[in-house]
Structure formats: C-alpha cells, structure tokens
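Asks: One structure follows; several queries about it will come next.
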Amino acid sequence: MTSAALLLAAEKESAEVTDWAARIGWVVGLGLFVALVYWLMREGWKWRGTLQGDLPELPAAPDDPGPVRLGMSGRYHGSTTAGQWLDRIVAHGLGTRSRVELTLTAAGLDVVRPGATDFFVPAAALREARLDKGIAGKVLTEGGLLVVTWAHGGRLLDSGFRSDHAAEHGEWVDAINSMIDKTENPTETEGAR
C-alpha cells in the first residue's frame, strides 16, 4: 500500500462529527414522537374505559364461600367480550394483567390479584370454561390458556388465566363445567349421569 492510500484511509476513519445540532434535533424529535405515541395510547385506553362505563362494579367474594374445590396461582391475562378475543374490557381494572390466585368454591370463582382489583364470579354467572390459545393480545400454545366465560351486567365476558402449572387447566375446565351443568339442571343428581 502506498503512503497516499494509508493517509486517505486514516482520514476516512478519523473524520469528526461537526453537525451536533442536527443530531440533537433528531434525537429530541424522536423523543417527542415516542412521547406522543405513548400519550395517544393512554388516551385510547381511557376512552375505551369510558365506553365501557355501563359495566357495573365487580362483585366481591362472600364472607363464607364454602369449602375450596380447587386452587391455582398463575397469571391473569385480561378479559374480553365473549367470543371476541381482541375486544379487551378495561373498565374496573379488568384490562390490567397481573399475578392471580384463583379459588373455586360452590359459591363461585374468587379472583385475587395483588396490585389490581380483586373480583368474584358467582356460580350462577359462570357460563363455560375452555382451553384456548389467546386472549386480548396474549397468544400462547394451543390449550395454554384457561378461559372462563361469565355473565356480568348484561354482557358475556371471557377472562383468561394461565396457571404456573399448565397441566392443571384440564381439571379446572372439568370442575367449572360440572358446576355449570348442576346450576342449569338443579334437579339432576350426580348419580344419574
């Protein structure tokens, strides 16, 4: 290599950035754009909550719910309008993802969420339990999500849960669906099945 080529290569590598104002302007502009997008998303979330304002307050657990049939710890992934897995319900904190402790009793389903609003689904409000793969923007493997359909305020809602031990999901589906069958057919006895 000649000395002229070495000098030219050294000049290309050591060129100084002299237009700091343009760079700072781009960084500030990008920061403002990100802040605007975040603000619009937040306003959309609040607007969705306003549209769902007709949803009544969530029921609280009774003082004596009866003996525990099943218990589970895991994650609450959100609630949607039944059958519309992307139509998230955000009113009363139902759109907030969180840890969850589920307890199934004869009275219904107790949903305890640390850091979010707890709620109770009475046994009479339960409509269906099934295994699914997605709810409200959360997609898992087939059967990786326990989805409980329940009635509240004239609407049917789907609430999605994922146990820390996914093998428990099948037992929950069977237990909830058997409760629904008994609630719908109270004259039917267990031995008649």
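Here, each number is a calculation from the coordinates, and none is a lab measurement. Small disclaimer: the values here were computed from a predicted structure and weren't measured. Reconstructed Cβ throughout: ideal geometry from the backbone, glycine too, with neighbour counts over all protein chains shown.
Asks: Under a plain spin-label model, where a point goes 7 Å from the Cα along Cα-to-Cβ, how far apart in nm are His165 and Ala124?
Replies: So the two model labels end up 3.4 nm from each other.
Asks: Zone of Arg48 (label point 7 Å along Cα→Cβ, backbone N under 19 Å): which residues in the stretch 131-154?
Replies: 133-140, 147-150, 152
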